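Just below is one structure, and these are the notes that go with it.
Computed from the coordinates by the stated procedures, all read-outs in this text should not be read as laboratory data. Keep in mind the model is a prediction, meaning the values are calculated, not measured. FYI the Cβ positions are ideal-geometry reconstructions off the backbone, even for glycines, and counts take in every protein chain you see.
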Amino acid sequence: MKHISVLLNESIDGLNIKPKGIYVDATLGGAGHSKEIIKRLESGFLYAFDQDDFAINYATDILKEYNNYHLIKSNFRYLQSEL
């Protein structure tokens, strides 16, 4: 599956990512935004939510070279209880 992230550069630039920051992607989907966030982290961490098995499995493959993230199979409405 090829995924093209919408407004990827604009979104990432707007986040002003700090290399040691902690971030949440509430709509993981094809993991494009998550991957770009992770690439900019040094000792920071990303939590990413999706309730879809396919999205979680796809992201697991896309992000396999990184270890500074945690995928959460849940709806982002449960963000507070999941984190």
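Summary table below
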{"read-out": "Reachable lysines from Lys20, criterion Cα separation under 16 angstrom, eight or more residues apart if same chain", "value": "Lys35, Lys39"}
{"read-out": "Residue with peak Gaussian network fluctuation, the chain [Cα springs, cutoff 10 Å], from Leu63, Leu15, Leu46", "value": "Leu15"}
{"read-out": "Helix-only [θ]222 nm of the chain, DSSP H runs n ≥ 4, -39500 (n - 2.57) each, per residue, nearest 500", "value": "-9500 deg cm²/dmol"}
{"read-out": "Max mean-square fluctuation residue, GNM over the chain, Cα-Cα springs under 10 Å, options Gly21, Gly44, Gly29", "value": "Gly21"}
{"read-out": "Residues whose placed amide H lies under 5 Å from that of Ser74, excluding near-sequence neighbours", "value": "Asp50, Gln51"}
{"read-out": "HN-Hα J in Hz across the stretch 47-59 - Karplus 6.51, -1.76, 1.60, θ = phi - 60°, x for Gly and Pro", "value": "10, 10, 10, 7, 9, 9, 4, 4, 4, 5, 5, 4, 5"}
{"read-out": "Gain in span if fully extended, Asn68 to Phe45, counting 0.36 nm per residue against the direct Cα distance", "value": "7.8 nm"}
{"read-out": "Exposure proxy order (Cβ contacts within 10 Å, fewest to most) of Lys35, Lys2", "value": "Lys2, Lys35"}
{"read-out": "Loop-located GluC sites (Glu not before Pro) in the stretch 7-75, at most 11 other Cβ atoms within 10 Å (DSSP)", "value": "Glu42, Glu65"}
{"read-out": "Overall Cα dimensions of the chain, principal axis frame, Å, largest first", "value": "32, 29, 23"}
{"read-out": "Gained length - Arg77 relative to Ile4, 0.36 nm times residue gap less alpha-carbon distance", "value": "23.8 nm"}
